[in-house]
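Here the structure is laid out as structure tokens; the discussion comes afterwards.
What follows draws every value from the coordinates through simple rules; no lab data is involved. All values derive from a computational prediction rather than experimental measurement. Please note: Cβ atoms are built from the backbone with ideal geometry, for glycine as well, and neighbour counts cover all protein chains shown.
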Amino acid sequence: MTLVLGIETSCDETSAALLDDASGTPVLRSLVIFSQDIHRVFGGVVPEIASRAHLTAIVPVVRQTLVDASADVSDIDVVAVTNAPGLVGALLVGVNYAKGLAFGLGRPLVAVHHMEGHLFAAMLDDPNAQPPFTALLVSGGHTLLMDVPEWGHYRLLGSTRDDAAGEAFDKVAKLLGLPYPGGRHVEALAKEGDPSRFRFSRPMLSRTTPETDRAYFDLSFSGLKTAVLNAVRASDDLARDARDIARGFQDALIDTLVEKTYRAARAHGRTRVVLGGGVACNRTLAAAVRERLEPLGATVFTPSPRLATDNAGMIAQAGLFRYTLGERAPLDLSAHASAPLPGQV
Ligand code: KG4
Ligand code: ZN
């Protein structure tokens, strides 16, 4: 019997989850996500406020997770916690809480890399989302394109050279006067937009780049963001143009993500693609990836929105994997703002 408590506090979500592996097929018994709404007032995450809010929320969030699963704290077999990457002050709240709990209960502690968590999110919804697969992780802080031959073995093919995909969505949202975080607002607005009015160039899609060049898989969004800025400045009626600009931006960004994902799947002969991270909530992106990869006979797995954005369910699942490998974190475990994925080549 293995009941894993997952804890996630890397950014502005305080989350806990209980994952039950008693039957050999992991089942999420409960998942609580406390989203710190306060950052909307500032148009972005304020690290000090995030840390304080985690401190206030962590105990009630874990307590509710136990209540929802009708479990007692003594039922927990393993404590899994995100310790990198993220805001150090925010991560430390989860790490220290997890250490105290594991020590008090006399249970093992397992450290989880946040991005490995995102890789495991899709399989909580669909157990077929298993390696080998191509992975596209698109969140507010990261954009990673990977080949995953097996769990724990991550071949990084490409990443963003500047802004993350979610960051680009959030910055464009700000330029268009939309609330933070802006991804879903841009998507909604783009639906009403005319795709022919603003045709922004697609970054890093030169047909002459050889497959051996890192640029073949890498991404870049800051030029696209500047193109949007210029279009906003040139507009004499933003109320009229905003939806068309949103559409032009989203089309360019999605075309790029889709093409790079196609290249990665084709280069490694993969017929499964796993999306993860907050931007994977974007239905237009998921539909476009499906359509483009159809000729390869690929199945595309997208986590449900609750599991695509930051949550402790994916941390519990990645923690279970690390636990079964025999990994145990020491009680002097630290938090890190950045760290390579374990098993990354
Ligand atoms: O993975 P996540 O919850 O947090 C990080 O680890 O960063 O991702 C948050 C990001 C934000 O940038 C947000 O704007 C974006 O995901 N996002 C979306 C959508 N929903 C959330 N971007 C595009 N379309 C969406 N529907
Ligand atoms: Zn994340």
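Quick look at the values:
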read-out	value
Length added when fully stretched, ASP237-SER196, from 0.36 nm per residue minus Cα-Cα	13.0 nm
Order of ARG266, ARG272 - criterion: other Cβ atoms within 10 Å of each residue's Cβ, fewest first	ARG266, ARG272
Spin-label pair ARG63/ASP332, simplified geometry with 7 Å Cα→Cβ offset, distance in nm	3.4 nm
Label zone at PHE42, where the point sits 7 Å out along the Cα-to-Cβ direction: region 74-93 residues whose backbone N lies under 20 Å	85-93
Relative packing of peptides 41-47, 180-186 - highest average C-beta neighbours within 10 Å first	180-186, 41-47
Within-13-Å neighbourhood charge of HIS153 [Cβ basis; K, R +1; D, E -1]	-2
Amide N proximity, region 51-84 versus ASN96 label position 7 Å along Cα-to-Cβ, cut-off under 20 Å	51-63, 79-84
Helix 88-105 vs. the chain, principal-axis angle (Cα, 0 to 90°, nearest 10)	20 degrees
Long-range amide H partners of VAL110 with built H, under 5 Å	VAL79, ALA80, VAL81, ALA329
Hz values of 3J(HN,Hα) by residue in region 22-35 - Karplus curve (6.51, -1.76, 1.60), Gly and Pro given as x	4, 8, x, 10, x, 10, 6, 7, 7, 8, 10, 10, 9, 8
Helical mean residue ellipticity (222 nm; -39500 (n - 2.57) per DSSP H run of 4+; nearest 500) of the chain	-13500 deg cm²/dmol
Where Cα atoms sit under 21 Å apart: lysine pairs in the chain separated by 8 or more or lying on different chains	6
Farthest toward positive dipole pole in the chain [+1 Lys/Arg, -1 Asp/Glu at C-beta], among GLY24, GLY158, PRO179	GLY158
Efficiency of FRET from Cβ geometry, THR271 and SER206, R₀ 25 Å, rounded to 0.05	0.40
